[in-house]
Amino acid sequence: MSCGIEPNAKPLPVVLNAARDELLSSWLARHARFYGVTGPFFAKWLGLGDTRLSALDRRLGLGQVALLAERFRCDPAALIDMTHIDKSDGQVSDLISRGRRPQICHPCADRYGQDGAEGAVPKHWSKAWRITCPACGLAFTDTNEHHASRATLLETTPFDDLWSEAIAGEQIVERYLADGGHDESSPIAILKLLLVQTWKPITRDLEHPVVGWVLGTLFPDFDARARPIKRRVTHAAITTLPIEFRPALLAGLARVLANPAVLRELRRATLLRGQRNFDKFCREAKFELPEAADTSHQ
């Protein structure tokens with residue numbers, strides 16, 4: 001073994017400092033690179049078995065916590081805090097991206113490198129309700145559409161005119177989560193409601209309807225831009241929505257919560273089976289249905 005550590009060693013000879021808000025998988029991956037081994041090899045050596053390091057961000061057993069705490073000479077609670085385990089159940093888990101991080105803050109990434117933590121990935125780069133970095137306040141960069149660029153979302157989104165409302169929507173979700181989700185209405189349910197698929201007529205006699213979304217009733221440009229990628233625009237998986245569309249979604253959340261009466265108009269414009277999902281998310285958000293729903297004929 002050429003990595004400089006013995007398989008039966010208990011604690012690691014060198015333990016790297018974690019970056020601010022760093023994900024557990026990122027911290028472990030940096031150790032693997034430091035010792036010159038692959039992530040899967042490192043996981044096996046640590047006694048974690050055949051597991052991807054990224055899987056530990058969502059599922060971390062007590063035995064694994066004990067092993068890691070011993071190997072890295074650290075507080076078990078600190079290890080758990082580096083994961084998304086506290087958001088693994090309920091609505092919030094639907095807002096945590098899996099796999100590749102959809103966003104990056106380049107200024108913070110630069111600072112990680114300067115501080116000896118090059119390649120560190122913080123938890124907030126996985127959060128699908130954020131458009132700005134909570135550490136420095138700057139807009140994120142889309143790593144999917146603009147992975148080779150440092151241009152921020154504010155410069156690249158087609159919904160830059162909604163930016164101030166989008167920031168308000170981002171803060172609504174943050175406050176809700178900070179309060180433990182005990183507010184009267186759930187903004188996460190409203191986010192899902194806005195991505196409910198409906199059908200929009202393109203002629204006055206309702207012939208030849210085309211796919212649309214509840215959000216498109218608020219911002220008609222959303223439908224036109226989203227149709228080419230319609231499989232990625234769904235209430236069932238908010239994290240698949242490209243980040244360039246996220247400002248529109250957050251701005252829609254801010255508008256609905258500022259004026260819940262708009263739900264009545266949105267429901268009237270939601271056709272076919274979309275009304276059933278619309279009503280379900282209204283109930284989850286703890287809003288009274290804007291009008292009696294009769295879906296028995298659908």
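Here are the numbers for this structure:
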| read-out | value |
| --- | --- |
| Filter result for D115 (closer than 21 Å to L191 by Cβ and among the charged types (D, E, K, R)) | no |
| Residues of region 33-74 classified as closer than 24 Å to S126 by Cα and among the charged types (D, E, K, R), total | 6 |
| The listed residue being in contact with a Pro (Cβ under 6 Å, 6 or more places away or on another chain) and open to solvent by less than 60 Å² (accessible area, probe 1.4 Å), out of A69, A78, A120 | A69 |
| Selection within region 136-155 - open to solvent by less than 40 Å² (accessible area, probe 1.4 Å) and within 19 Å of the chain's Cα centre (by Cα) | A139, F140, T141, D142, T143, T152, L153 |
| Hits in region 57-109 - residues which are among the charged types (D, E, K, R) and under 30 Å from A151 (Cβ atoms) | D57, K87, D94, R98, R100, R101 |
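Yes/no matrix, rows are residues, columns are (1) aliphatic (A, V, I, L, M); (2) touching a residue at least 40 places away in the same chain (Cβ under 8 Å):
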{"position": "A43", "(1), (2)": "yes, no"}
{"position": "D50", "(1), (2)": "no, no"}
{"position": "L56", "(1), (2)": "yes, no"}
{"position": "L60", "(1), (2)": "yes, no"}
{"position": "A66", "(1), (2)": "yes, no"}
{"position": "C74", "(1), (2)": "no, yes"}
{"position": "L95", "(1), (2)": "yes, yes"}
{"position": "D110", "(1), (2)": "no, no"}
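The values are calculated or read from the model by the stated rules, or taken from the named source; none is laboratory data. Predicted model only: the values in this text are computed from it and were never measured. Note: ideal-geometry Cβ built from the backbone for every residue, glycine included; neighbour counts use all protein chains shown. Please note that ligands, DNA and RNA were not included when accessible areas were found on the heavy atoms of the full protein model with its side chains. Shrake-Rupley method; radii C 1.70, N 1.55, O 1.52, S 1.80 Å.
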